[in-house]
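> Handing you this structure, nothing more for now.
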Amino acid sequence: MDKFRIHGGVPLSGTVVIRGAKNAALPAMAAALLTGERVVLHNVPRVRDIATLRSLLDELGVDSSIAHEEYGNRVEIEARQLISPVAPYELVKQMRASVLVLGPLLARFGHARVSLPGGCAIGARPINLHLKGLERLGATITMDHGYIDARAERLRGAAFHFDTISVTGTENLMMAASLAEGTTVLENAALEPEVQDLACLLNAMGARIQGAGTSRITIEGVGRLHGTEHTIIPDRIEAGTFMVAAVITRGCLRLERVRTQHLTAVIAKLEESGAKVSPGPPSGAGQAFDTLTAELPGGLTAADVTTREYPGFPTDMQAQYMALMTQASGSSVITETIFENRFLHALELVRMGADITVDGRRAVVRGPTPLSGANVQASDLRASASLVLAGLAAEGETVIDRVYHIDRGYERIEQRLAQVGARIQRISED
Ligand code: EPU
């Protein structure tokens with residue numbers, strides 16, 4: 001298992017090009033199952049979760065190919081036919097987002113058999129709403145041997161209200177409803193930019209979706225969808241992570257290929273704590289993206305944060321923000337409202353010298369405390385990012401074990417950090 005060795009204390013400086021969003025690319029690849037024609041996706045990040053979804057497409061008998069582009073990959077998927085409707089346990093246990101194939105398989109082929117994802121480090125993460133919603137659309141769902149078996153001759157449009165806002169739940173139902181007969185209305189839908197990006201792709205494939213980005217999404221089902229080409233939106237969580245890297249090291253990073261409007265809550269919180277985030281000229285082909293510079297001109301002050309669904313402060317930035325708050329003057333209260341167990345990084349940060357008390361869904365960080373390098377262990381994707389950030393700010397050597405977690409969602413993060421001055425190395429061990 002690979003590890004990272006970091007020697008902290010170097011202010012980062014330079015330019016980082018932000019990659020495409022993993023959490024937008026995954027549903028986009030699943031959406032390609034809705035048509036027999038070719039779907040071409042650009043700006044797909046080179047991360048392990050994407051490779052896992054390609055393995056799953058392979059299992060289903062669906063052709064996909066991958067090619068390097070200047071930034072990220074181009075992925076082409078052509079789901080002419082299906083060899084098997086089964087998403088096996090071995091793949092679903094590696095990546096819960098595999099459940100995104102459920103809606104498209106059911107809608108296009110009438111049958112899907114997807115392993116139930118098990119427990120997860122950050123919370124129970126049930127998928128009851130995905131199933132309830134598909135049942136509303138007329139699917140018959142049974143469970144056996146740890147698998148969900150969903151069948152429907154043709155799904156029928158219906159109204160569905162989410163009890164809890166769910167990102168992949170909204171995406172699964174939006175995809176399924178695109179090929180249903182009649183109109184579906186999703187209430188209390190997720191507003192995340194990744195949901196909007198998926199709606200944009202589906203509409204380009206011939207779907208009739210309105211209201212994505214609001215809590216009420218209307219989908220008028222169509223008989224068939226066709227191929228298209230689509231560029232994945234920038235990864236707002238990766239951008240947020242690099243902004244924190246700039247601030248926690250008292251450096252200055254220029255981020256290219258971002259979407260500022262997706263980062264409003266994160267930028268507001270960083271500015272509240274003393275960071276300066278300034279816009280630069282547009283970047284990317286056709287100047288489709290923004291540029292931002294993040295730095296810390298003066299002191300860093302504690303600021304409380306509560307995670308919320310978009311447009312609130314993202315749970316996927318909570319661990320990184322906690323690392324930052326260990327270096328801020330004063331006490332900050334961090335409240336996690338989305339997942340019930342997403343503070344595993346706190347204990348590792350404490351091992352590096354942080355003063356953090358966790359009580360249920362609230363953590364109190366008292367700062368600033370000098371961090372000292374230590375051997376620590378990554379427990380999930382964003383927790384690993386938090387430990388990397390702490391390592392960059394710490395005095396001495398930090399060794400982070402189990403970095404396969406970070407490889408799931410950040411493209412060669414150690415190389416990109418090294419390019420802006422970080423002393424970080426990957427240690428590969430068999
Ligand atoms: N929930 C239910 N029932 C459901 C679905 C969700 O109770 O059927 C609950 C969950 O347990 C959780 C809350 O609803 O408490 C929100 O979960 P959601 O379904 O929105 O999460 P998700 O779709 O499984 C996506 C991202 C996560 C991100 C969350 C929240 C993808 C592939 N994953 O997960 O990303 O944390 O939304 O924003 O889009 C990550 O990238 O590190 C990551 C974990």
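> Within the stretch 195-206, how many residues turn out to be touching a residue at least 12 places away in the same chain (Cβ under 8 Å) and open to solvent by 10 Å² or more (accessible area, probe 1.4 Å)?
Looking only at that region, the number is 5.
> Can we say residue 175 is more than 15 Å from the ligand (Cβ to nearest atom) and in contact with a helix residue (DSSP H, G or I) (Cβ under 9 Å, 6 or more places away or on another chain)? Talk me through it step by step, then tell me what you get.
Details: more than 15 Å from the ligand (Cβ to nearest atom): no; in contact with a helix residue (DSSP H, G or I) (Cβ under 9 Å, 6 or more places away or on another chain): yes.
So residue 175 fails the test.
> Another question about this same structure. Of the residues that sit in the stretch 197-241 and are among the acidic types (Asp, Glu) and more than 30 Å from residue 385 (Cα to Cα), which one is farthest from the chain's Cα centre (by Cα)? It would help to see each step written out before you state the result.
Within the stretch 197-241, the first condition is being among the acidic types (Asp, Glu), and the residues that meet it are 197, 220, 229, 235, 238.
If we keep only those that are more than 30 Å from residue 385 (Cα to Cα) as well, we get 220, 229.
Working: 220: 28, 229: 21 Å.
The extreme case among them is 220.
> Shifting gears a bit: If I go through the stretch 374-430 residue by residue, how many of them are more than 24 Å from residue 121 (Cβ to Cβ) and either out of contact with any helix residue (DSSP H, G or I) (no Cβ under 7 Å at 6 or more places or on another chain) or open to solvent by 30 Å² or more (accessible area, probe 1.4 Å) (or both)?
12
> Also, I was wondering about something else. Only one of (1) closer than 21 Å to residue 24 by Cβ; (2) at pLDDT below 95; (3) within 12 Å of the ligand (Cβ to nearest atom) is not met by residue 94, so which one is it?
Failed condition: (3).
> Restricting to the stretch 335-349, what's the tally of residues that are buried (at least 16 other Cβ atoms within 10 Å of the Cβ) and out of contact with any Lys or Arg (no Cβ under 7 Å at 6 or more places or on another chain)?
10
> Select from the stretch 289-301 the residues that are outside any loop (DSSP other than H, G, I, E, B) and modelled with pLDDT of 95 or more and list them in ascending order.
If we filter the stretch 289-301 for residues that are outside any loop (DSSP other than H, G, I, E, B), which is where we start, we get 289-295, 301.
Passing the criteria: 290, 291, 292, 293, 294, 295, 301.
> Looking at the stretch 350-370, which of its residues are open to solvent by less than 10 Å² (accessible area, probe 1.4 Å) and either closer than 18 Å to residue 417 by Cβ or basic (Lys, Arg) (or both)?
Scanning the stretch 350-370 gives a single hit, 352.
> In addition: Within the stretch 1-93, considering only helices (runs of 4 or more DSSP H) that don't extend past its boundaries, which have at least 3 residues that are out of contact with any strand residue (DSSP E or B) (no Cβ under 7 Å at 6 or more places or on another chain) and charged (D, E, K, R)?
Because the criterion is at least 3 residues that are out of contact with any strand residue (DSSP E or B) (no Cβ under 7 Å at 6 or more places or on another chain) and charged (D, E, K, R), the helices (runs of 4 or more DSSP H) in the stretch 1-93 that meet it are 48-60.
> Next question. Taking helices (runs of 4 or more DSSP H) that fall entirely within the stretch 187-278, which contain at least 3 residues that are within 16 Å of the ligand (Cβ to nearest atom), of a type outside the set (Val, Ile, Thr) and more than 24 Å from residue 109 (Cβ to Cβ)? Walk me through it before giving the result.
Numbers: elements: 193-204, 236-248, 264-272.
Where helices (runs of 4 or more DSSP H) fall fully within the stretch 187-278 and carry at least 3 residues being within 16 Å of the ligand (Cβ to nearest atom), of a type outside the set (Val, Ile, Thr) and more than 24 Å from residue 109 (Cβ to Cβ), they are 193-204, 236-248.
> Please enumerate the residues belonging to the stretch 171-186 that are touching a residue at least 40 places away in the same chain (Cβ under 8 Å) and part of a strand (DSSP E or B).
The first filter runs over the stretch 171-186 and keeps only residues touching a residue at least 40 places away in the same chain (Cβ under 8 Å), leaving 171-181, 184, 186.
Selection gives 181, 184, 186.
> Sort out which residues of the stretch 254-289 are surrounded by fewer than 20 Cβ atoms within 10 Å (Cβ to Cβ), under 21 Å from residue 194 (Cβ atoms) and of a type in the set (S, T, N, Q), and write them in order of number.
If the condition is that a residue be surrounded by fewer than 20 Cβ atoms within 10 Å (Cβ to Cβ), under 21 Å from residue 194 (Cβ atoms) and of a type in the set (S, T, N, Q), then 260, 261, 264 are the ones that fit.
The values are calculated or read from the model by the stated rules, or taken from the named source; none is laboratory data. In this text, all values refer to a predicted model and were calculated from it rather than measured experimentally. Ideal geometry is used to build each Cβ from the backbone, glycine not excepted, and the neighbour counts take in all protein chains shown. Areas reflect the complete protein model, heavy atoms only, side chains present, ligands, DNA and RNA absent. Shrake-Rupley method; radii C 1.70, N 1.55, O 1.52, S 1.80 Å.
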